[in-house]
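This report concerns only the one structure given below.
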Amino acid sequence: MYTIIDGKKIASEIKQEIAEEVAKLRIAGKKIPHLAAILIGNNGSSETYVANKVKDCKEVGFKSTLLRFGNEITEAVLLDKIAELNNDSDVDGFIVQLPLPGHISENKVIEAIDPKKDADGFHPVNLGRMMVGLPGYLPATPFGIVELIKRFRIETSGKKCVVIGRSNIVGRPVSILLSQKGMDATVTVVHSRTKNIKDIVSQADIIIAAIGSPAFVTAEMVKEGAVVIDVGTTRISSAETKSGFKLVGDVDFENVAPKCSYITPVPGGVGPMTRVSLLRNTLIAAKKD
Ligand code: GUN
């Protein structure tokens, strides 16, 4: 029998903890944490993510600001807006929702964010600090994954962990966190150019799937008793839902789950933990003022 890693439940417990901290700050007359988000264009997934982030802020008692711009915004204007947020002493943390339109450099935008306000933990300074084990803001999804592993007391020491995908925001940073002292996993990163992906994944004790390809991980790739963390969130159209779409992960859940010891669902697994990590980073930033 497998255990479902209920990210939604854990996220709601953490949100409760954060709300209690905010209430204490309020009583002590301290600053209420303020998270801002920049959203460009009208990508459906980005709209949903940002709307959820605003809702999360409300739930825990944070202040939130949403700055929206059309796809035609120039890189220079966006960099000016980022500078404004960097200099706004009321804003503790902010994010620029990705992906950005093709004419804007994601790297330039991320580098323009003050590392002290980098709630997403995407700035090279924060990634560098993570790399050498210094305190800083951890990237939101890897932070959430590690928290799930810890709260479910999943053993990582000496375990073979295979990360599928090498993105800057998930695959690469989570591979670093899992191999660090304290987590102590033996980590392999596989990607689009890896040969024999199936053979490598099928030896894993822990699989982290972060490639954005629906049902990529099939039952034959999963060892009996493995832990499977599904980071995929591909939107596909669906007649079953009111919104007309549904989220699907990178794992063929129905056939993979019976082989697992633990598995995350999509939705309701990693996604809520990513959002809660953003709140945690913002709370840390606010308390530093
Ligand atoms: N796009 C997809 N995931 C994320 C995220 O965690 N943060 C930001 N800023 N953009 C994203």
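Residues in the stretch 202-221 that are of a type in the set (A, V, I, L, M) and without any contact (Cβ under 8 Å) to a residue 40 or more places away in the chain were compared, and the one that is least open to solvent (accessible area, probe 1.4 Å) is Met221.
Quick one: how many residues across the stretch 245-289 are within 15 Å of Ser45 (Cα to Cα), open to solvent by less than 60 Å² (accessible area, probe 1.4 Å) and not hydroxyl-bearing (Ser, Thr, Tyr)? Walk me through how you get there before you give the answer.
Pass one, the stretch 245-289, residues within 15 Å of Ser45 (Cα to Cα): 245-249, 266-267, 271-272, 274-275.
Checking the rest, the ones that are also open to solvent by less than 60 Å² (accessible area, probe 1.4 Å) come to 245, 247-249, 266, 271-272, 274-275.
Remaining after also requiring not hydroxyl-bearing (Ser, Thr, Tyr): 245, 247-249, 266, 271-272, 275.
Summing the residues that are within 15 Å of Ser45 (Cα to Cα), open to solvent by less than 60 Å² (accessible area, probe 1.4 Å) and not hydroxyl-bearing (Ser, Thr, Tyr) in the stretch 245-289 gives 8.
Could you tell me whether Lys117 is under 18 Å from the mean Cα position of the chain (by Cα), open to solvent by 20 Å² or more (accessible area, probe 1.4 Å) and among the basic types (Lys, Arg)? It is true that Lys117 is under 18 Å from the mean Cα position of the chain (by Cα), open to solvent by 20 Å² or more (accessible area, probe 1.4 Å) and among the basic types (Lys, Arg). Being among the acidic types (Asp, Glu), part of a helix (DSSP H, G or I) and more than 14 Å from the ligand (Cβ to nearest atom) is a property that holds for Glu59.
Are any residues in the stretch 112-138 outside any helix (DSSP H, G or I) and away from the ligand (no atom under 14 Å from the Cβ), and if so, which ones?
Looking only at the stretch 112-138, we keep the residues that are outside any helix (DSSP H, G or I), and these are 113-114, 118-123, 132-138.
Once the filter is applied, which keeps residues that are outside any helix (DSSP H, G or I) and away from the ligand (no atom under 14 Å from the Cβ), the stretch 112-138 yields Asp114, Val132, Gly133, Leu134, Pro135, Gly136.
Give the stretch 222-244 a look and list any residue that's part of a strand (DSSP E or B) and open to solvent by less than 40 Å² (accessible area, probe 1.4 Å), or say none. Break it down stepwise before answering.
Filtering the stretch 222-244 down to residues part of a strand (DSSP E or B) leaves 226-230, 234-237.
Those that are part of a strand (DSSP E or B) and open to solvent by less than 40 Å² (accessible area, probe 1.4 Å): Ala226, Val227, Val228, Ile229, Asp230, Thr234.
When the residues of the stretch 43-60 are filtered to those that are without any contact (Cβ under 8 Å) to a residue 24 or more places away in the chain and not hydrophobic (A, V, I, L, M, F, W, C), which remaining residue is most open to solvent (accessible area, probe 1.4 Å)?
Taking the stretch 43-60 as the starting set, the residues that turn out to be without any contact (Cβ under 8 Å) to a residue 24 or more places away in the chain are 47-48, 51, 54-55, 58.
Those still in the list that are not hydrophobic (A, V, I, L, M, F, W, C) too: 47-48, 55, 58.
Working: Glu47: 58, Thr48: 53, Lys55: 109, Lys58: 165 Å².
The selected residue is Lys58.
Every residue in the stretch 245-258 that is without any contact (Cβ under 8 Å) to a residue 60 or more places away in the chain, assigned to a loop (DSSP other than H, G, I, E, B) and over 19 Å from Met1 (Cβ atoms), please. Matches in the stretch 245-258: Gly249 only. Scanning the stretch 232-249 for residues that are out of contact with any Phe, Trp or Tyr (no Cβ under 8 Å at 6 or more places or on another chain) and hydroxyl-bearing (Ser, Thr, Tyr), we see that the one that is nearest to Ile207 (Cα to Cα) is Thr233.
Do we have Ser64 as open to solvent by 30 Å² or more (accessible area, probe 1.4 Å) and not in a strand (DSSP E or B) here? Considered against the rule, which asks whether it is open to solvent by 30 Å² or more (accessible area, probe 1.4 Å) and not in a strand (DSSP E or B), Ser64 comes out as no.
Filtered by the rule that a residue be more than 16 Å from the ligand (Cβ to nearest atom) and either part of a loop (DSSP other than H, G, I, E, B) or at pLDDT below 95 (or both), the stretch 74-91 gives Thr74, Asp88, Ser89, Asp90.
If you scan the stretch 92-104, which residues turn out to be open to solvent by less than 60 Å² (accessible area, probe 1.4 Å) and within 15 Å of the ligand (Cβ to nearest atom)? Before you say what the answer is, go through the steps one by one.
In the first step, residues of the stretch 92-104 are kept if they are open to solvent by less than 60 Å² (accessible area, probe 1.4 Å); the result is 92-98, 100-101, 104.
Across the stretch 92-104, the qualifying residues are Gly93, Phe94, Ile95, Val96, Gln97, Leu98, Leu100, Pro101, Ile104.
The values are calculated or read from the model by the stated rules, or taken from the named source; none is laboratory data. Predicted model, so just to flag it, every value in this text is computed and none were measured. Neighbour counts run over all protein chains shown; Cβ positions are idealised from the backbone, glycine included. Please note that ligands, DNA and RNA were not included when accessible areas were found on the heavy atoms of the full protein model with its side chains. Shrake-Rupley method; radii C 1.70, N 1.55, O 1.52, S 1.80 Å.
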